[in-house]
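Notes to accompany the following structure.
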Amino acid sequence: MEQRLANSWRMTVNEKNFIQTALLSDLRIDGRGPFDYRNLTIQFGSEDGSPEVQLGQTRVMGFVTSQLVQPYRDRPNEGTLAIFTEFSPMADPSFEIGRPGESAVELGRIVDRGLRESRAIDTESLCVVAGKWVWSIRIDLHILDNGGNLVDAANIAALAALLTFRRPECTLGGEDGQEVIIHPPEVREPLALIVHHLPIAVTFAFIGNESRVIIDPSHFEEAVMGGKLTATLNTNGDVCAIQKAGGEGVMQSIVMQCLWIASVKAADITGKIKKAVESYKTKRDLKKIKRHPESVDISNISKDMEKSKLELEKGQRDDMEIEGHSSKKDESSLKHRKHKAVISGPSSWDPYSKIADADELKASLASRAVATPNLKMDVMPPEKQQLNVKDESHRDADPSPPLLVAAEAREEKNKGKTLLDAVKPKHKRKKKNASNSNGS
């Protein structure tokens with residue numbers, strides 16, 4: 001005890017007077033107002049039920065475990081809930097390892113009373129076999145840094161740990177059906193605890209002769225305060241527990257004012273706890289999907305994923321069918337075009353153009369060649385012009401071999417002819433005249 005008092009931190013008279021004088025002007029040494037809460041941060045570890053709460057300079061870590069035990073005789077159908085606190089010298093020089101001191105006992109009782117008396121945890125759901133086996137939930141609160149107001153920080157850590165804890169699922173088996181079988185997390189998904197509401201502890205400090213009221217006292221303010229009041233309320237405004245510590249008396253009007261302020265702060269803190277827990281659950285579900293995708297119950301996500309996958313596969317299947325039909329049509333059209341080109345003459349790349357008939361071309365060319373024998377041969381013959389017109393409309397066509405041969409033969413035949421070729425030679429005329437005279 002003497003060593004603990006020697007290590008305890010003591011405030012000077014001037015520091016105490018400075019804090020009390022500043023409160024007369026509604027100012028605090030850290031810049032807050034009389035009813036301003038410090039910044040609250042909640043973080044979670046890798047395991048379920050292991051949060052770390054930081055309230056200003058105060059840091060508390062919680063950890064929840066469970067085991068099967070025999071129930072109490074007066075409550076055979078209910079599980080048990082126990083809270084243990086550990087004050088480390090690392091948090092405050094006045095804390096020592098070993099038997100817990102008065103502050104540790106008081107802290108555990110306040111948190112336990114707020115949870116147990118309000119029945120925030122459904123203890124009947126922790127029963128496995130009535131009168132034989134029930135689940136015992138243990139909450140360990142470790143004080144990492146004492147920056148003042150340990151009760152509020154420890155209460156938030158306990159609630160966050162209970163909301164994120166998962167106990168193993170168990171079933172009954174054996175020959176008589178009374179043997180308890182505990183399933184590991186790989187076999188069956190652990191079960192969450194049933195939490196009806198969140199009792200939030202809000203601490204007020206009374207400083208000075210005029211009993212100035214402040215909320216969430218820091219470590220320096222706790223050294224000056226003459227008394228404190230801790231009210232535990234939920235978001236509905238129900239008072240779960242209340243405790244007044246210290247020698248100074250408090251008027252009823254001040255207590256009612258503290259309860260009204262505590263109800264407002266409880267709603268704010270509850271929203272922050274739920275937001276942090278939802279973020280942790282989302283990350284936990286994503287990790288579990290990566291580890292055990294077949295054992296995670298994500299009906300909405302799986303339905304959406306399956307629906308989108310089916311739509312994607314259906315679209316790909318339709319595209320493949322369309323491509324197959326189009327390729328078949330292209331092949332059949334190409335074969336048909338080739339067949340027509342071989343049989344009936346030149347074909348065209350233009351699908352809207354008509355294929356020329358070879359017989360009609362031959363007949364037209366022959367008629368034009370007979371009708372214009374006496375024209376000048378240096379001018380392009382009309383059949384050739386007609387052929388050129390057809391060639392312009394079918395530039396990319398492949399004409400049939402017989403038509404090409406006929407056209408080339410006509411060109412060679414008409415290439416060297418002139419007007420003189422139209423006049424018969426003299427020896428032919430003489431023979432004709434001679435034949436006529438002999439006949440006469």
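The values are calculated or read from the model by the stated rules, or taken from the named source; none is laboratory data. Keep in mind the model is a prediction, meaning the values are calculated, not measured. Here the Cβ is made from the backbone with ideal geometry for all residues, glycine too, and neighbour counts use every protein chain on show. What goes into the accessible areas is simple: the full protein's heavy atoms, side chains included, and nothing from ligands, DNA or RNA. Shrake-Rupley method; radii C 1.70, N 1.55, O 1.52, S 1.80 Å.
Mind ordering 198-206, 100-108, 55-63, 178-186 by average Cβ neighbours within 10 Å, highest first?
198-206, 55-63, 100-108, 178-186
What's the FRET efficiency of His183 with Asp30 using the Cβ-Cβ distance as r and R₀ = 45 Å, to the nearest 0.05? Numbers along the way, then the final one.
Numbers: r = 50 Å, r/R0 = 1.10.
The computed FRET efficiency comes out at 0.35.
Compute the distance in nm between two label points, each set 7 Å from the Cα along the Cα-to-Cβ direction, one at Ala130 and one at Asp74.
Taking the two extended label points, one gets 2.0 nm.
Give me the dipole magnitude in Debye, nearest 20, for the stretch 184-275 about the Cα centre, with unit charges on the beta carbon: positive for Lys and Arg, negative for Asp and Glu.
Its charge dipole is roughly 160 debye.
What FRET efficiency would be calculated for the residue pair Ala223, Glu175, taking the C-beta separation as r and a Förster radius of 41 Å, to the nearest 0.05?
0.05
Write down the accessible area per residue of the stretch 219-258 in Å², having rolled a 1.4 Å probe over the full set of protein chains.
Per-residue accessible area for the stretch 219-258 comes out at 50 Å².
Would you mind working out the accessible area per residue for the stretch 131-218, using a 1.4 Å probe, and quoting it in Å²?
Normalised by residue count, the accessible surface of the stretch 131-218 is 37 Å².
Of the listed peptides 110-117, 158-165, 30-37, what is their order by residue-averaged count of other C-beta atoms within 10 Å, with the highest listed first? Show your work: numbers first, answer last.
Values: 110-117: 21.4, 158-165: 25.4, 30-37: 13.6.
So the peptides 110-117, 158-165, 30-37, ranked by packing, come out 158-165, 110-117, 30-37.
If you count, for each residue, the other Cβ atoms within 10 Å and average over each peptide, how do 139-152, 230-243 line up from highest to lowest?
Numbers: 139-152: 22.6, 230-243: 19.1.
Sorting 139-152, 230-243 by mean packing, highest first, produces 139-152, 230-243.
Share of the stretch 16-138's accessible area from carbon and sulfur, percent, 1.4 Å?
47 percent
If I model a spin label at Lys283 and Asp238 as a point 7 Å from the Cα along the Cα→Cβ vector, what separation in nanometres do I get?
Using points 7 Å along Cα→Cβ, the separation is 3.2 nm.
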